[in-house]
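Participant: Let me give you the structure first, and then I'll get to my questions.
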Amino acid sequence: QVQLVESGGGLVQAGGSLRLSCAASGRTFSGYNIAWFRQAPGMEREFVGVIKWAGGSTKYTDSVKGRFTISRDNAKNTVVLQMNSLKPEDTAIYYCAAGPWGWDSAVRYDYWGQGTQVTVSS
């Protein structure tokens with residue numbers, strides 16, 4: 001069993017940056033791909049990006065490419081989503097998810113955090 005806790009959300013002006021963290025407890029991230037999803041009010045949950053356990057390769061949704069970066073610190077059992085050049089349309093609750101076979105689809109993830117709110121003002 002893996003418990004995930006996100007942190008680092010908040011209110012930022014457009015063009016600013018935020019750094020979200022996803023920390024695991026209960027067991028390590030070993031063998032798990034870790035993804036970030038987001039959900040804006042009235043919208044479906046959307047894939048943001050993922051980092052693979054094996055090799056550390058990443059994939060991002062087109063709207064965040066070049067602005068968001070996912071990294072992992074296996075020693076600290078933490079995954080970070082660095083968000084730069086934020087836009088009002090990035091406003092959402094951001095969730096991290098873990099799963100051995102997960103990629104860009106939410107159904108492939110076994111464990112989810114409770115989410116952290118990101119609000120970008122114009």
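Participant: Would you calculate the separation in nanometres between label points at S85 and V5, each defined as 7 Å from the Cα along the Cα-to-beta-carbon direction?
Facilitator: Placing both labels 7 Å along Cα→Cβ, they lie 3.4 nm apart.
Participant: Calculate the length of the line joining the C-alpha centroid of the stretch 1-67 to that of the stretch 74-122, in whole Å.
Facilitator: Cα centroid to Cα centroid, the span is 2 Å.
Participant: Count of lysine pairs in the chain with Cα atoms under 21 Å apart, counting only pairs 8 or more residues apart in sequence or on different chains? Numbers along the way, then the final one.
Facilitator: Working: K52/K65; K52/K76; K59/K87; K65/K87.
Close lysine pairs under the 21 Å cut-off: 4.
Participant: If you don't mind, there's one more thing I want to ask. Placing +1 on the Cβ of each Lys and Arg and -1 on the Cβ of each Asp and Glu in the stretch 1-56, which of S25, V48, V5 has its Cα farthest towards the positive end of the resulting dipole?
Facilitator: So the residue we want is S25.
Participant: Between P41, P88, P100, which gets the highest mean-square fluctuation from a Gaussian network model of the chain, Cα cutoff 10 Å?
Facilitator: Most flexible of the set in this elastic network: P41.
Participant: Let me ask something else. Among R27, R67, R45, determine the one that fluctuates most according to a GNM of the chain built with springs between C-alpha atoms less than 10 Å apart.
Facilitator: Taking springs between Cα atoms under 10 Å, the residue moving most is R27.
Participant: Now a separate question. List the residues, sorted by chain then number, that are 5 or more residues from I34 or on another chain and whose placed amide H is less than 5 Å from its amide H.
Facilitator: HN-HN under 5 Å from I34: I51, W53.
Participant: How do K65, K76 stack up against each other in accessible area, from largest to smallest, with a 1.4 angstrom probe? Please list the in-between numbers first.
Facilitator: Values: K65 115, K76 150 Å².
These residues rank, largest area first, as K76, K65.
Participant: Of the accessible area of the chain, with the probe set at 1.4 angstrom, what percent is carbon plus sulfur?
Facilitator: Within the chain, the accessible surface is 50 percent carbon and sulfur.
Participant: Residues in the stretch 10-27, backbone N under 20 Å from the label point at D73 (7 Å along the Cα-to-beta-carbon vector): list them, ranges by number please.
Facilitator: The answer is 10, 17-27, whose backbone nitrogens lie closer than 20 Å to the label point.
The values are calculated or read from the model by the stated rules, or taken from the named source; none is laboratory data. Just so it is clear, the model here is predicted, and its values are computed rather than measured. As a convention, Cβ positions derive from the backbone with ideal geometry for all residues, glycine included, and neighbour counts pool all protein chains shown. Note: accessible area is taken over every heavy atom of the protein model, side chains too, but ligands, DNA and RNA are not part of it. Shrake-Rupley method; radii C 1.70, N 1.55, O 1.52, S 1.80 Å.
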